[in-house]
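Colleague: Starting off with a structure, shown below.
The values are calculated or read from the model by the stated rules, or taken from the named source; none is laboratory data. Here the structure is a predicted model, which means the values were calculated and not measured. Don't worry about glycine lacking a Cβ; one is built from the backbone with ideal geometry, like all the others, and counts go over all protein chains shown.
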């Protein structure tokens, strides 16, 4: 009660109304903070919440979908060379040239990297690369993971039918219902592999607390990264979906808390799919 009262007093003093879930950003909490990747408001609000928590003394590992797992050594080298230079981390660990930098809008993520450097907390690469994900989609898990890794990740077990179906629905919706149904199981396999890898990496830093910065699909409790966490870790996991107004209301139940914002201005993402389906 005293902690809650103190938080309310602080919020009034700063003119900021903090959502109740922010009080959980402390200790060994595992916080999974989602996003719509191109929504600047989502990035700004998450960063503000994390800065308040860091200023209050929280020191979790910052785990990011935006860096592929094989970039970790580059992140550490960049930090040794220029300990406070967020752009140097990006230049070494996700150079814009070639394929390593992907399609991420790094202006959105640079402030999170800078926050980790400012407070000297671990900055962790968490994603399965596009190349490895493509192999999983085309050839199966064994194309990327050996038997020991499959067991460690939990990918040696059959995915529950309802879980598989939900993943396929999300992929179908995310691709504007334009994919052939025969592609959905393989595409879902790629998403599952990414979630399992992120969960494994997140778990390594669970003792100190950790934050995962990732898309909303990855932070969902029902089908995302939390499904792969050990029970002990899952019980102290907080999932926050940053959704846009107009997103399906039933998605709210997939998260512990939801922040809704205006939609980002963007072209219709389904136009490309519609154009592909037109007779040529």
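Colleague: Scan region 184-216 for residues that are in contact with a strand residue (DSSP E or B) (Cβ under 6 Å, 6 or more places away or on another chain) and either within 22 Å of residue 243 (Cα to Cα) or at pLDDT below 95 (or both) and report the count.
Modeller: Of the residues in region 184-216, 7 are in contact with a strand residue (DSSP E or B) (Cβ under 6 Å, 6 or more places away or on another chain) and either within 22 Å of residue 243 (Cα to Cα) or at pLDDT below 95 (or both).
Colleague: Failed condition for residue 264, given (1) at pLDDT below 95; (2) out of contact with any strand residue (DSSP E or B) (no Cβ under 9 Å at 6 or more places or on another chain); (3) surrounded by fewer than 18 Cβ atoms within 10 Å (Cβ to Cβ), with all others met?
Modeller: (2)
Colleague: Could you say whether any residue in region 153-173 is under 25 Å from residue 241 (Cβ atoms), in contact with a strand residue (DSSP E or B) (Cβ under 7 Å, 6 or more places away or on another chain), surrounded by 17 or more Cβ atoms within 10 Å (Cβ to Cβ) and modelled with pLDDT of 95 or more?
Modeller: Checked region 153-173: no residue is under 25 Å from residue 241 (Cβ atoms), in contact with a strand residue (DSSP E or B) (Cβ under 7 Å, 6 or more places away or on another chain), surrounded by 17 or more Cβ atoms within 10 Å (Cβ to Cβ) and modelled with pLDDT of 95 or more.
The rows are residues; the columns are (1) free of Cβ contacts under 8 Å to residues at least 60 places away in the same chain; (2) over 20 Å from residue 145 (Cβ atoms); (3) surrounded by 20 or more Cβ atoms within 10 Å (Cβ to Cβ).
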{"position": "200", "(1), (2), (3)": "yes, no, no"}
{"position": "208", "(1), (2), (3)": "no, yes, no"}
{"position": "212", "(1), (2), (3)": "no, yes, yes"}
{"position": "219", "(1), (2), (3)": "no, yes, yes"}
{"position": "225", "(1), (2), (3)": "no, no, yes"}
{"position": "228", "(1), (2), (3)": "no, no, yes"}
{"position": "235", "(1), (2), (3)": "yes, yes, no"}
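Colleague: Identify all residues within region 222-261 that are assigned to a loop (DSSP other than H, G, I, E, B) and touching a strand residue (DSSP E or B) at 6+ places or on another chain (Cβ under 7 Å); write none if there are none.
Modeller: Answer for region 222-261, where residues must be assigned to a loop (DSSP other than H, G, I, E, B) and touching a strand residue (DSSP E or B) at 6+ places or on another chain (Cβ under 7 Å): 229, 236, 245, 255, 256.
Colleague: Then there's this: Among the helices (runs of 4 or more DSSP H) contained in region 1-120, which hold 3 or more residues that are modelled with pLDDT of 95 or more and crowded, with 16+ Cβ neighbours inside 10 Å?
Modeller: By residue number, 40-55, 72-81, 86-93, 106-118.
Colleague: While we're on this one: What residue, among those in region 121-140 that are part of a helix (DSSP H, G or I) and touching a helix residue (DSSP H, G or I) at 6+ places or on another chain (Cβ under 9 Å), is farthest from residue 215 (Cα to Cα)?
Modeller: Looking at residues that are part of a helix (DSSP H, G or I) and touching a helix residue (DSSP H, G or I) at 6+ places or on another chain (Cβ under 9 Å), I get 138.
Colleague: I need every pair where a residue in region 177-193 that is without any contact (Cβ under 8 Å) to a residue 40 or more places away in the chain has its Cβ under 7 Å from the Cβ of a residue that is outside any helix (DSSP H, G or I), sequence separation at least 6 or different chains.
Modeller: 192/159
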